[in-house]
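To start, the structure itself, in structure tokens.
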Amino acid sequence: MKTILGLIAFALAGAALAQPLAGNAEAAKAKTSMCEGCHAVPGYRTAYPHVYQVPKLGGQQAVYLANALQAYKTGARSHPTMRAIAASLSEQDMADLAAYYSTVQN
């Protein structure tokens, strides 16, 4: 039953992203502090829950970034820190951050 509910939630999340919100890159500038602690450090590696290199956000496609944040929020992507951060974001926050990071290089 849990699996079925999870699949339904994932499908609904994907359907919601089929009609993405327009992001405001300028509005996102006030929202990036939660991202910069890890993603803005060149070569940064995290040690929780396992060691891996933190990916760069700058230059990624906005749709990819918004979908990734939504997947962390729903639990479709598994990373405790990212899930906690995404849980605090509204759909508009996600769209704004995605718009911002798609236009910068870091």
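Throughout, read-outs are computed from the coordinates displayed, never taken from laboratory work. Everything numeric here is computed off the predicted structure, so don't read it as measured data. A quick note on method: Cβ atoms are made from the backbone with ideal geometry, for glycine too, and the neighbour counts reach across all protein chains shown.
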What FRET efficiency would be calculated for the residue pair residue 77, residue 26, taking the C-beta separation as r and a Förster radius of 22 Å, to the nearest 0.05?
-> 0.20
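When only Cα pairs under 8 Å and 6 or more residues apart are kept, what is the percent relative contact order across segment 60-99? Working shown, then result.
On the way: 32 pairs, mean separation 19.9, N = 40.
The normalised contact order for segment 60-99 reaches 50 percent.
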Go through segment 65-82 residue by residue and turn each phi into a ³J(HN,Hα) via Karplus (6.51, -1.76, 1.60, θ = phi - 60°); whole Hz please, and just put x for glycine and proline.
-> 5, 4, 5, 5, 4, 5, 5, 5, 5, 7, x, 5, 10, 10, 7, x, 5, 5
